[in-house]
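Here is the structure we will look at.
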Amino acid sequence: MRKICVVTATRAEYGLLNPLMKKINVEADFELQIIVTGTHLAPEFGSTYLKIEEDGFVINDKVESLLSSDTTSGVTKSMGMTTIGFTEVLNRLQPDLIIILGDRFEMLAVAQVALIMQIPIAHIHGGENTYGAYDDSIRHAITKMATWHFTSTETHKKRVIQMGEDPNRVWNVGAIGIENTLKIPLLNQTELYKQLGLNPKYQLLLITYHPETNSKTTRVNEVLNALRKYTDYNLVFTKANADNGGRYINELIQKYVDQNDNAYLFNSLGQVRYLSAVKYAKAVVGNSSSALIEVPYLKTPSVNIGYRQAGRERPSCVLDVDIEENKISEAILNAINYKGEFNRIFGDGNTSNKIIEILKNITSYKVEKRFYDL
């Protein structure tokens, strides 16, 4: 039986990985190991590891890594703590394979430990571009340390191969988040509004705004000022992530919420409430990758603000706008009135089954690979 270790550091990441974790857990050929780290263990982000346990999973270990800091030096020190913590945990658990999703700084630390310990990595969502965040470089670095690759589109598959990865080790399986988006039973609007404490007379705007980590300024006030014009909407904010600048953004959003009766801030909505909010929102606003990938599948338009997601593939229902108050306000209005198509470019929602079958058919779990020349 092969020990498959899934690492998760954030609420959003776990929501995407949940269906795959469930399938690994019941697969006779596999033993599921789970390690949680990052914001999962932080009360200020909702201690979301509890949700993993509520879902019936056994967490094999927790690696404390998050400093109470909002600086670049704080992030790099967190990476150091993650490296030390995972060195001890992986040495004890001895997994046959580690599954890493995406591009978080925590995952870079995990990947380098796995590389040195000669534990093969299966990387999900490689080959994508996000020029506005250092996640872009982290994602490509993990690609070079990973042994097998599961991409979300053919373009991303070709990009991973372009980086020297053997085509026989790269599969386009679609975006893993589409599975939940299409299959999870969602709340009705009345129940959603009741659980979130929203004004039933108002429609909903859902907002998530993360730092642009390749920029030295957040300009979140431009976003908040644009939203002041939408006083007859429920403005539902989810917190920014733990990247440098994230706590500062959350502080400003909290002040805005305290001053505006139609605004609400949540540490974490959880998967069901988040997707339900997407379904009933007139628009999703901010710079989260979810707005480009999963949101269109629920036929909700998005306003993508700034440079964070620049370079990422997106359908026509995503309206891009610079970080300028008047432009953001106008883009939100255009999204509310959007009548166009909702293109589905990230697969059919069967990603976890495809990954399971591929992992079962790999005969040897070894790190060794060679550079593939085009």
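Computed values, structure above
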{"quantity": "Selection from region 333-357 of residues that are in a helix (DSSP H, G or I) and under 23 Å from the mean Cα position of the chain (by Cα)", "calculated": "A335, T351, S352, N353, K354, I355, I356"}
{"quantity": "One residue from Q112, Q195 being assigned by TED's automatic domain parsing to the domain that holds A242 and either free of Cβ contacts under 8 Å to residues at least 40 places away in the same chain or outside any loop (DSSP other than H, G, I, E, B) (or both)", "calculated": "Q195"}
{"quantity": "Filter result (β-branched (V, I, T), surrounded by 16 or more Cβ atoms within 10 Å (Cβ to Cβ) and not in a helix (DSSP H, G or I)) within region 216-230", "calculated": "T218"}
{"quantity": "Residue that is surrounded by the fewest Cβ atoms within 10 Å (Cβ to Cβ) [pool: residues in region 104-128 that are in contact with a helix residue (DSSP H, G or I) (Cβ under 6 Å, 6 or more places away or on another chain) and at pLDDT below 95]", "calculated": "F105"}
{"quantity": "Counted residues, region 276-326 - those being of a type in the set (K, R) and within 19 Å of H210 (Cβ to Cβ)", "calculated": "3"}
{"quantity": "Filter pass, T213 being outside any helix (DSSP H, G or I), of a type in the set (S, T, Y), buried (at least 22 other Cβ atoms within 10 Å of the Cβ) and in contact (Cβ under 8 Å) with a residue 12 or more places away in the chain", "calculated": "yes"}
{"quantity": "1 or more residues closer than 16 Å to I345 by Cβ: qualifying strands (runs of 3 or more DSSP E) within region 254-332", "calculated": "302-305, 318-321"}
{"quantity": "Selection count where residues are surrounded by fewer than 15 Cβ atoms within 10 Å (Cβ to Cβ) and not in a helix (DSSP H, G or I), scope region 138-172", "calculated": "1"}
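The values are calculated or read from the model by the stated rules, or taken from the named source; none is laboratory data. A quick note: this is a predicted structure, and the numbers were derived from the prediction, not measured. For neighbour counting, all protein chains shown are included, and Cβ atoms are generated from backbone atoms with ideal geometry for every residue, glycine included.
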